[in-house]
Each structure stands twice: as structure tokens, then as C-alpha cells.
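Notes follow the structure.
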Amino acid sequence: MKVCVIGNGGREHAIAWRLSISPSVEKVYAVPGSAAMKNCAELVGIDWCHTDHLIRFLKDNKVDLVVVGPEAPLVAGLADALHEAGIPVFGPSKAAAQLEGSKVFAKDLMKKYNIPTAAYGVFSNVDEAKQFIAKTGAPIVVKADGLAAGKGVVVAMTVEEANAAVDDMLSGNRFGEAGSTVVIEEFMVGEEASLLAFVDGKTVVPMIASQDHKRIFDGDKGPNTGGMGTYAPAPVLTDVLRDEAMKTILEPMVAAMAKEGMPYVGCLYAGLMITNEGPKVVEFNARFGDPETQVVLPLLEGDLGQIMMACATGTLQPNMVKWKDSSAACVILASKGYPETSSKGDVILGELVQYDTSIIFHSGTKLEGDHYVTNGGRVLGVVGLGKDLRTALDRAYERVDHITFKGMQYRKDIGAKAFK
């Protein structure tokens, strides 16, 4: 079949690459894709916002399935427009994508269906928010309600930090409309893990667990980012805990969405905190995580094209999804100034080719002449593969040692928690 991937980041590069080696897939298109994706997909210079133009292209080229990578098109309702045109889509409807598009929607739904998560309050008024912070105390978590590219969360260790975050979001208008309402949550103690699942509206099949590293600096210091690296499998989510998360979180949420009249189709991402009381939800995302995708998909043994089409058509079977008995680790190379700003146009030096034991996915690059240059905050995802996590990490960092660009920053402690 022919598959079209929407997006141009590291996640979409990983999805297009994995689809290109799937037996059921004969052709992959990327809209708009990136220069680095040309080895695994045909690039199509269409903006997904121009829905009529996109649908015309898909029909003219007899595309069988569309896979929507980023959250913005899902929250904007791209899946709905494609459905209306009769084109199967891997990705939730606009209504179902509210799980990521609105923190308030997600928290209220979890409360209604008794899905374990942190206690919270919702505020649009600065004074009321600060009163709640004063009463609850720190540490405490402040989140912008809407989409903020992974940067709308502040884990405040003091009341002053929390108040500053509230001022920043509600008064300072840092995230525009996305931050006009905030969710303030209790601080959960534990270790985080990401559990992604394939969903066809009713059937939920979990992927291999991974662990993201959100803070910019080693030792989980500094501001939150979109993710500085990840590894899989994550030992913190044991088989017992994964089964518990499925029974108490993912399956109930998919059932709740169906009951609410907005069946969930695509990849459901549960960001979990493994607390003393068991797994609790930190956040839901309505698509593959970035950089989780870069370590999860290389470990998939099943046919990704077949699995995604089964999700889109309501025919998903658990036996379609199998995993390799090995590990993957991804180190993100970020540009100077990230996450506050990003440096563009810096020449990237080093070998960026794929090997059997390591893959490089491009998150924010641009081809200028013979060289790739930086073109975003997160620039490259360097992935190592191996029989165990130590081998995978060694291979990832070995590749990192041979890549350089001006102001390059990365974490040197990806995967360290797994060895504790």
C-alpha cells in the first residue's frame, strides 16, 4: 500500500523510515517531510493546512493511508477532513485529540472515570491561582492548558517559582491562547515512564515502555524541553506495572472516549509517574512521542503499515504487534540557546549515515549545498541499538562523539536511571 506521513520532525523521520521497511508498504510520501527523509520517502511540498490541495494529491496518487505525526494537525481536525474524503487515517479526530489539546479536558475526563492522576485545580485568574499555590505549597506543577510544544509545564520547587510561572502564563501571555487557562497540580513523587499504545477505537495494544528525559541538563536540572533523549525498554515499568497501567489507565481511557462519543484511533501516549500507589497519569498525548518514537519503532518486529491500517479500520489484533529482545537509546543534540531560543544555520559536521547498530533521525535540520545545517531547537536524534541497554547507549554516544556543530548541547546521562 501507499502511505503518506504528515510532518517533518524526528518523530516523522522515524515513522517514515519504519514504514519504508514494512512488508505491506510499497511507497511512502512525506508532507512536507525534510531533506533527510528523502532516503525513505518521496517529499511532497504541500502544507497540511491546505486541506483541499492535500486531499487532491492523496486521491490522485491513490494513497491508502495517512499517518499524522504532530499534534497541531490533529487538534485542528485534519483527521476529520480526511475521513470525510474517505481516506483512512492513523490519528484521532479533533474531538478525541482534546486529550492532548486541552489539559483541562484530559484532567476532567480522568476525574470523571476514576483514572489515577495528580490532584489539581483549574484557573484563569492570577490571584485565585496564587491562593491555591499558597494553600497547597511547593513543590507544585503549573501547566498551560493548550499546546505549547512541550514547554508549557513548570515543575516549581518553591512557591515563588510557581507564582512566577502563573504570572508568565496568565499575565505575561507567554503561550498566548494556550496559556490563558492553567492547570495547577500536586507534585507526584516517583520515576517517569512513557507507555504508548496502538488503538483502533476499542482494542488497545501496548508498545514497549520507554523513558524520556525532559530537563535540558544532566541530573534533571534546568527548564523542561520537548525531550532530550530516551531509551527502551524502561525497567521501571515492569510487566506487572505495565499490566496495571493498561487496566487502570489506557483501557479505561479508550473505553471512556468511546462512551463520550469520540472513539480514539491512533497512538495513545500515556506519560506515567510510577508512584508508591502505582502508575498515575502525568499527561496524555494524542500521537507518538518525540523522542520516544525514535527508540520504540526500531524495536518493533511487526509490520507497522499493517498495524496502522488495522487501527484506522478498526481491525487491530494483539498478535500483530511483536517486539525484539534488544534495547535502543536516543541522545538528542540540541542547538545553542535551546529551549528558550534556537540557533539556525550552524553547519553540522560528521557522518550522518545509518548503520546496522545506529540510526540518526533529523529533528531540525536543513540541507544547504552539501551540508546539513541546524534549523530548530532539537537538531538530531542519535540512536544506538544493541542486545542490552549498555551496548545501545555506548553506540549512541560513540556516534555523538563524531558529530559537531556550533553551540551543540546534549545530556551525558541518558539511561542512567535504568542502572540504579
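The values are calculated or read from the model by the stated rules, or taken from the named source; none is laboratory data. Bear in mind that the values here come from a model prediction, so they are computed numbers and not experimental data. In this analysis, Cβ positions are derived from the backbone assuming ideal geometry, glycine residues included, and neighbour counts consider all displayed protein chains. Quick note on the areas: whole protein, heavy atoms, side chains included, nothing else; ligands and nucleic acids left out. Shrake-Rupley method; radii C 1.70, N 1.55, O 1.52, S 1.80 Å.
Could you name the aspartates and glutamates in cross-link range of Lys135, using Cα to Cα under 16 Å and dropping any fewer than eight places away on the same chain?
Asp127, Glu160, Glu161, Glu185, Glu186
Once the piece of chain linking Ala76 and Gln354 is laid out straight, how much longer is it, given 0.36 nm per residue of separation minus the C-alpha distance between them?
96.7 nm
Per residue, how large is the accessible surface of the stretch 57-188? Use a 1.4 angstrom probe and give square angstrom.
Averaged over the residues of the stretch 57-188, the accessible area is 42 Å².
Give the accessible surface of the stretch 290-392 per residue, rounded to a whole number of Å², with probe radius 1.4 Å and ligands, DNA and RNA excluded.
Using a 1.4 Å probe on heavy atoms only, each residue of the stretch 290-392 averages 39 Å².
Set the Förster distance to 22 Å, then compute FRET efficiency between Leu43 and Lys2 from the Cβ-Cβ distance, nearest 0.05.
E between Leu43 and Lys2, to the nearest 0.05, is 0.90.
If one computes the Cα centroid of the stretch 98-174 and of the stretch 26-55, what distance in Å separates the two points?
So the two Cα centres are separated by 36 Å.
Relative contact order for the stretch 59-208: what is it in percent, counting Cα pairs under 8 Å that are at least 6 residues apart?
Dividing the mean separation by the residue count of the stretch 59-208 yields 19 percent.
Starting from the residue with the highest accessible area, list Ser24, Ser34 in decreasing order, probe 1.4 Å.
Sorted by accessible area, descending: Ser24, Ser34.
What's the FRET efficiency of Asn319 with Asp218 using the Cβ-Cβ distance as r and R₀ = 35 Å, to the nearest 0.05?
The computed FRET efficiency comes out at 0.30.
With a cut-off of 8 Å between alpha carbons and a minimum separation of six or more residues, what is the relative contact order of the chain in percent?
Computed over the chain, the figure is 16 percent.
For an R0 of 35 angstrom, estimate the FRET efficiency from the Cβ-Cβ distance between Asp127 and Thr341 and round to the nearest 0.05.
Computed FRET efficiency for Asp127 and Thr341: 0.65.
So which trypsin sites (Lys or Arg not before Pro) in the stretch 343-392 pass both tests, a DSSP loop state and at most 16 other Cβ atoms within 10 Å of the Cβ?
Hits after loop and neighbour filter: Lys387.
For a test of understanding, tell me how many lysine pairs in the stretch 148-305 have Cα atoms under 16 Å apart, given they are 8 or more places apart or on different chains.
5
For the stretch 336-420, what is the relative contact order in percent, using Cα pairs closer than 8 Å and at least 6 residues apart in sequence?
31 percent
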